[in-house]
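*Asks:* Could you have a look at this structure, given as structure tokens, before my questions?
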Amino acid sequence: MTRRAFIGSSSMVVATAGMPHASGAQARTSVSGPEKMHAHIGGPLFVAFVAGPTGRWKIDSVKPVIGETLPQADRLDMVESSELQSGLFGGWVLRGVTSNTRYSNNSEVQAMKARQEGLGRPQATRAALIPIRKAPAWWGLAQDERRAIFEEQSHHISMSIEYLPRISRRLHHSRELAEPFDFLTWFEYAPEHAAAFEDLVNKLRATREWTYVDREVDIRLSRV
């Protein structure tokens with residue numbers, strides 16, 4: 001069986017929307033525009049993806065790619081905070097945190113910054129949330145070995161840059177939070193770029209890096 005997944009190498013874009021029942025005084029709700037672009041300046045941003053009957057995004061499908069899936073739900077919202085959120089309820093809740101780049105070198109980071117655009121663009125009414133978990137064999141490798149598989153062999157970063165700025169992306173790390181997934185990657189794009197997103201996903205899922213994944217769920221959403 002071919003193992004598949006989708007992750008990002010770094011926090012390529014910034015900003016989220018939120019839910020009104022976020023815990024903590026610093027939780028944000030549904031920010032957009034310039035405010036959204038600067039939502040997490042000053043430190044890590046903790047983000048919770050909450051599925052339930054309400055939310056800014058309509059869940060169109062929840063499909064397992066490999067391993068156990070997640071329950072179906074109608075809507076999805078995001079809660080962001082300077083601290084790990086607690087007391088959030090939904091059909092399911094996935095938490096992650098933005099972090100420093102792990103596998104990108106400086107030239108790659110600068111190339112991404114030159115082409116990327118932020119989340120929350122009015123025309124980007126389609127989205128995807130792709131949680132993945134990598135097998136213990138991946139985490140048993142040294143950092144330089146993971147980098148070699150990630151980029152030198154799989155070309156994850158260089159391939160992804162080709163699809164900027166059509167597709168906006170932000171990566172959230174979850175392994176350090178003892179969550180069921182290691183990474184939560186959020187994507188936004190306009191309907192006319194849906195084919196480009198599918199092309200990117202299919203190319204990355206065919207790389208060696210994805211042989212190390214043992215759980216992935218593909219969640220597609222739309223904003224009306």
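*Asks:* So for the pair Thr69, Lys113, with labels modelled 7 Å out along Cα→Cβ, what separation do we get in nm?
*Replies:* 4.2
*Asks:* Would you work out if region 33-222 is rounded, prolate or oblate? Take a ≥ b ≥ c from the square roots of the eigenvalues of the alpha-carbon gyration tensor; rounded if a/c is under 1.5, else prolate when a/b is larger than b/c, oblate otherwise.
*Replies:* Rounded, since a/c falls under 1.5.
*Asks:* Which value, in debye to the nearest 20, gives the size of the charge dipole of region 33-222 about its Cα centre, when Lys and Arg are +1 and Asp and Glu are -1 at the Cβ?
*Replies:* In total the dipole reaches around 200 debye.
*Asks:* I would also like to ask the following. Given the pairs Lys63/Lys203; Lys58/Lys113; Lys63/Lys134; Lys63/Lys113, which are separated by over 25 angstrom at their Cα positions?
*Replies:* Cα-Cα > 25 Å for Lys58/Lys113; Lys63/Lys113; rest within.
*Asks:* Turning to a different aspect of this structure: Given H placed on each backbone N at 1.01 Å, which residues far from Val213 in sequence or on other chains put an amide H within less than 5 Å of it?
*Replies:* HN-HN under 5 Å from Val213: Ala135.
*Asks:* Quote the charge dipole size of region 51-105 about the Cα centre in Debye, to the nearest 20; the model charges only the Cβ of Lys and Arg (+1) and of Asp and Glu (-1). Don't skip to the end; give the middle numbers.
*Replies:* On the way: 6 positive and 6 negative charges, 25 e Å.
With only Lys, Arg, Asp and Glu charged at Cβ, the dipole is about 120 debye.
*Asks:* Pulled fully out, how much extra length does the chain show between Val93 and Arg175, if you take 0.36 nm times their separation in residues and subtract their Cα-Cα distance?
*Replies:* Numbers: separation 82, 0.36 × 82 = 29.52 nm, distance 1.48 nm.
Contour length minus Cα-Cα distance gives 28.0 nm.
*Asks:* Using θ = phi - 60° and the Karplus curve 6.51 cos²θ - 1.76 cosθ + 1.60, what whole-Hz ³J(HN,Hα) does each residue of region 211-224 get, with Gly and Pro shown as x?
*Replies:* Karplus values, whole Hz, x for Gly and Pro: 6, 8, 9, 10, 7, 8, 10, 10, 10, 10, 9, 9, 10, 9.
*Asks:* Shifting gears a bit: Note down the net charge around Ser222, summing +1 for each Lys or Arg and -1 for each Asp or Glu among other residues with Cβ under 9 Å from its Cβ.
*Replies:* For residues surrounding Ser222, the net value is +3.
Read-outs throughout are calculated quantities, based only on the coordinates presented, and are distinct from any laboratory measurement. Note that the structure is predicted; figures quoted are calculated from it, not measured. FYI the Cβ positions are ideal-geometry reconstructions off the backbone, even for glycines, and counts take in every protein chain you see.
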